[in-house]
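J.: The following block contains the structure, expressed as structure tokens.
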Amino acid sequence: AERALSLNPDLAEALAAKAFVLAGLGRFEEAFELHDRSLQLDPNSYDVRFLYGRTCFQTGRHADAIVHWERAAELSEADMAATSHIAMCYRATGQHEKVLDTARRTLVRAQRVLSENSSDSYALISGVNALAKLGEAERARQWAVRVKAVDPDDPSIDYNIACAMALLGETEAALDALEACLPRVDAVTFSVWIKQDTDLDPLRGEPRFQRLVRELDARAADAES
């Protein structure tokens, strides 16, 4: 990002990318300054909107995240990331019908991608989460099996399966998936994200979940020291 900005200091996507990295390091004040600049330069960039929404979500600014992610979803008809993420913000703000609506939108987009490439792992895992939000437990489990067959080693897939299982009330399966993936993720980023992720709310009272979060926080603290 800095290399791109050295060539063009007003490149909106590069500013957004640097802001994303700063947010991942917990440097949110600096990140928001760059997000604001990127938005002024190009309010109709998918990357600008999506990454701004991500930082807003990480800091609990759900209403702002909704604005940016809804715009990102408009800017890219193929997008599944924004529509998946918006649902967490709608849940956090008590807008249950909109949670279901965004899940349906995500599922439609995932099915469109899978009709052309049945092994697209991002479409499959997006579908797993959408189906879980819609309460379609059996289909969610079937899609989870499919995505693990395509990409068995990606920790982000295990994390998202954990989210889906938590939503479906399958507590032990969700905790097993988290136990498998959290040691392999970026601790600094995930220690912030996991505290905001409303998909995992059904697990927050579980001692095993609390232990996993403490271990993740300890790794993040070591990485930052």
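The values are calculated or read from the model by the stated rules, or taken from the named source; none is laboratory data. Because the structure is predicted, anything quoted here is derived from the model rather than measured. A quick note on method: Cβ atoms are made from the backbone with ideal geometry, for glycine too, and the neighbour counts reach across all protein chains shown. Surface accessibility is based on the protein's heavy atoms, side chains included, excluding ligands, DNA and RNA. Shrake-Rupley method; radii C 1.70, N 1.55, O 1.52, S 1.80 Å.
J.: Could you estimate the translational diffusion coefficient of the chain from the Stokes-Einstein equation, with Rh from the Kirkwood formula over C-alpha pairs, at 10 °C and 1.306 mPa s, in whole µm²/s?
T.: Details: Rh = 18.0 Å.
Rounded to a whole number, D works out at 88 µm²/s.
J.: Quick one: if the Förster radius is 45 Å, what FRET efficiency do residue 137 and residue 59 give, using the C-beta to C-beta distance and rounding to 0.05? Write out the running numbers ahead of the final one.
T.: Values: r = 32 Å, r/R0 = 0.72.
Between residue 137 and residue 59 the formula returns 0.90.
J.: Who wins for biggest fluctuation among 84, 156, 115 in a Gaussian network model of the chain, springs between alpha carbons below 10 Å?
T.: Fluctuation is largest for 115.
J.: Using square roots of five times the C-alpha gyration tensor eigenvalues, list the equivalent-ellipsoid semi-axes of segment 146-204 in whole Å, biggest first.
T.: Details: eigenvalues 56, 48, 15 Å².
They are 17, 15, 9 Å, listed from largest to smallest.
J.: Calculate the spin-label point distance for residue 116 paired with residue 184, positioning each point 7 Å from the Cα along the beta-carbon direction, and give it in nanometres.
T.: Placing both labels 7 Å beyond Cα along the Cβ direction yields 2.9 nm.
J.: Report the equivalent ellipsoid semi-axes for segment 32-101 in whole Å, largest first, defined as the square roots of five times the eigenvalues of the gyration tensor built from alpha carbon atoms. Don't skip to the end; give the middle numbers.
T.: Details: eigenvalues 80, 41, 12 Å².
With the √(5λ) rule applied to segment 32-101, the semi-axes are 20, 14, 8 Å.
J.: Accessible area per residue of segment 28-101 at 1.4 Å probe, in Å²? Write out the running numbers ahead of the final one.
T.: On the way: 3230 Å² over 74 residues.
In whole numbers, segment 28-101 has 44 Å² accessible per residue.
J.: Taking the Cα centroid of segment 143-212 and of segment 96-133, what is the distance between the two, rounded to the nearest whole Å?
T.: Spelled out, the Cα-based centre of one part sits 18 Å from the other.
J.: Of the chain, which part is the longest with no trypsin sites (Lys or Arg not before Pro) in a loop (DSSP not H, G, I, E, B) and with at most 15 other C-beta atoms within 10 angstrom?
T.: Value returned for the longest uninterrupted segment is 28-203.
J.: Return the FRET efficiency for the residue pair residue 201, residue 6: r is the Cβ-Cβ distance, R0 is 35 Å, and the value is rounded to the nearest 0.05.
T.: Numbers: r = 43 Å, r/R0 = 1.22.
Efficiency computed from Cβ-Cβ geometry: 0.25.
J.: Based on the Cβ-Cβ distance from residue 30 to residue 218, what FRET efficiency comes out when R0 is 22 Å, to the nearest 0.05?
T.: Values: r = 25 Å, r/R0 = 1.13.
For residue 30 and residue 218, the calculated efficiency is 0.35.
J.: Might you tell me the accessible area per residue for segment 183-225, computed with a 1.4 Å probe and given in Å²? Show your work: numbers first, answer last.
T.: On the way: 2230 Å² over 43 residues.
Value returned for segment 183-225: 52 Å² of accessible area per residue.
J.: Over the chain, what is the mean sequence separation of C-alpha contacts under 8 Å (at least six apart), divided by residue count, expressed as relative contact order in percent? The partial results should precede the final answer.
T.: On the way: 322 pairs, mean separation 28.4, N = 225.
It comes to 13 percent, rounded to a whole number.
J.: Right, next: What percentage of the solvent-accessible surface of the chain, computed with a 1.4 Å probe over protein heavy atoms, is contributed by carbon and sulfur atoms?
T.: Details: 5280 of 10400 Å².
The nonpolar share, carbon plus sulfur, comes to 51 percent.
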